[in-house]
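What follows is a short report on a single structure.
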Amino acid sequence: MRVYKQIDEIRRAVGNFKSQGKSIAFVPTMGALHDGHLALVRQAKARADIAIVSIFVNPTQFENPDDLAAYPRDVDADLVLLQAEGVDAVFTPTPDAMYPAGAETIVETTALANMLHGEVRPGHFRGVATVVTKFLNIVTPDIAVFGEKDYQQLQVIRTLARDLFLPVQIAGIPTVREADGLAMSSRNARLSPEDREAAVVLNRALDLADRMVAEGTTVETLGTALRDIIETERRASNVAIDIAAAETLAPLVGPIATPVALMISAQFGDVLLIDQRVTTP
Ligand code: AMP
């Protein structure tokens, strides 16, 4: 496994792989890797000859500097995990390399970036879309693999790939969870033991939603039930619940008759956690 810091170096490596006729799968990450990321890496390995992973904590997707500073970083441990998975190349650029002086171009999925989670985190999805476009242009993979856990992000990336005619297939992978159901996240390490226990309420709420949708319910009844269950956990604050059309994330009202994306977020201490599920009536 080779580790590349410079854009021209990874481009050369990619060129070599391609000249050997090899297909390339790419997994962008912000590091602090856990089993959720490794599930993406295994998919990448299964779907192409060469697996490339990037580790880059992207400053432009953090609207809060404290959140950026607090983001966990452990590249040495990450590289050990990636080596064990048989990854071929890792790209670890610096912020200056990705955003050189004078860089002024942004990529924004105009509607999708500013609804739902994007309303709570202004600029977040613009930062994601911009950096992912840069990565796709540098690595030029055949397939890029993302987690369904960040469902709105996945839809943003699918949309920008479609709209910009990027020659890449975007794959979404189901959320990997801890034994008690909490979605794996690099942020979980920052939870106090009490908040860690409390955060399981997010998955409990989604389990309830699955049952309610299967039995037949309305958007309004479901929204109230989800809020009730999350708010019974007094350690949860800033609870946000979105129930949207699975494909477009358009708002829904009334009886649920088509696949819905349930996207929830809540803060535990100073850690904002998100979880999601796509469910079909
Ligand atoms: P991040 O490093 O948090 O930016 O995540 C990198 C990629 O891993 C994104 O595509 C995430 O959606 C995905 N990911 C993060 N956590 C999980 C998880 N628990 N299960 C599956 N994919 C995940």
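The values are calculated or read from the model by the stated rules, or taken from the named source; none is laboratory data. In this text, all values refer to a predicted model and were calculated from it rather than measured experimentally. Positions of Cβ are backbone-derived with ideal geometry, glycine not excepted, and every protein chain shown enters the neighbour counts. Protein only, heavy atoms only, side chains kept; ligands, DNA and RNA dropped before computing areas. Shrake-Rupley method; radii C 1.70, N 1.55, O 1.52, S 1.80 Å.
With a probe of 1.4 Å, find how much accessible area segment 90-194 has per residue, and write the answer as a whole number in Å².
Per-residue value: 44 Å².
Express the relative contact order of segment 162-278 as a whole percentage, based on alpha carbon pairs under 8 Å and six or more residues apart in sequence.
23
Could you give the length gained by full extension between residue 111 and residue 207, i.e. 0.36 nm per residue of separation minus their alpha carbon distance, to one decimal place? Let's see the in-between values first.
Values: separation 96, 0.36 × 96 = 34.56 nm, distance 2.91 nm.
Result for the pair: 31.7 nm of gain on full extension.
Using Cα-Cα distances under 8 Å and only pairs 6 or more residues apart, what relative contact order does the chain have, in percent?
In percent, rounded to a whole number, it is 17.
Treat each spin label as a single point 7 Å out from the Cα along the C-beta direction, and report the residue 140 to residue 96 distance in nm.
Modelled inter-label distance: 2.8 nm.
Under 16 Å Cα to Cα from residue 134, which aspartates and glutamates show up? Leave out anything in the same chain fewer than 8 places away.
Cross-link targets: 8, 9, 96, 104, 108, 142, 163.
Quick one: Cα centre-to-centre distance for segment 57-118 and segment 212-242, in angstrom?
When both Cα centres are located, 31 Å separates them.
Quick one: among 193, 122, 28, which has the greatest mean-square fluctuation in a GNM of the chain with alpha-carbon springs under 10 angstrom?
Maximum among the listed residues: 193.
If you average the alpha carbon positions of segment 163-179 and of segment 127-147, how far apart do those two centres end up, in angstrom?
Their Cα centres are 11 Å away from one another.
For segment 64-168, what % of the accessible area comes from carbon and sulfur atoms, probe 1.4 Å?
After summing per-atom areas, the C and S share lands at 54 percent.
Accessible area per residue of segment 43-85 at 1.4 Å probe, in Å²?
Numbers: 2130 Å² over 43 residues.
Using a 1.4 Å probe on heavy atoms only, each residue of segment 43-85 averages 50 Å².
When ranked by the protection proxy of mean other Cβ atoms within 10 Å per residue, highest first, what sequence do the peptides 37-43, 194-200 form? Each step should come with its number before you reach the end.
Values: 37-43: 21.1, 194-200: 18.0.
Highest-to-lowest ranking by the protection proxy: 37-43, 194-200.
In Å, what is the Rg of the alpha-carbon atoms in the chain, and how long is Dmax?
Cα only, the chain: 19.1, 58 Å (Rg, Dmax).
Find how much the distance from residue 5 to residue 104 grows on full extension, using 0.36 nm per residue of separation minus their present alpha carbon separation; answer in nm with one decimal.
Roughly 33.4 nm would be gained on extension.
How far is helix 151-163 tilted off the main Cα axis of the chain, in degrees rounded to 10, range 0 to 90?
Orientation of helix 151-163: about 50 degrees from the principal axis.
Can you send over the carbon and sulfur percentage of the accessible area for segment 180-281, probe radius 1.4 Å, protein chains only?
Working: 2430 of 4600 Å².
The computed percentage sits at 53.
Tell me, in nm to one decimal, what length is gained between residue 250 and residue 49 on full extension, where the rule is 0.36 nm per residue of separation less the Cα-Cα distance?
Once the chain is fully extended between residue 250 and residue 49, it gains 68.7 nm.
Who wins for biggest fluctuation among 230, 138, 157 in a Gaussian network model of the chain, springs between alpha carbons below 10 Å?
So, out of 230, 138, 157, the one fluctuating most is 138.
Go through segment 55-68 residue by residue and turn each phi into a ³J(HN,Hα) via Karplus (6.51, -1.76, 1.60, θ = phi - 60°); whole Hz please, and just put x for glycine and proline.
Working through the residues one at a time gives 10, 7, 7, 7, x, 6, 9, 9, 8, 10, x, 5, 5, 4 Hz.
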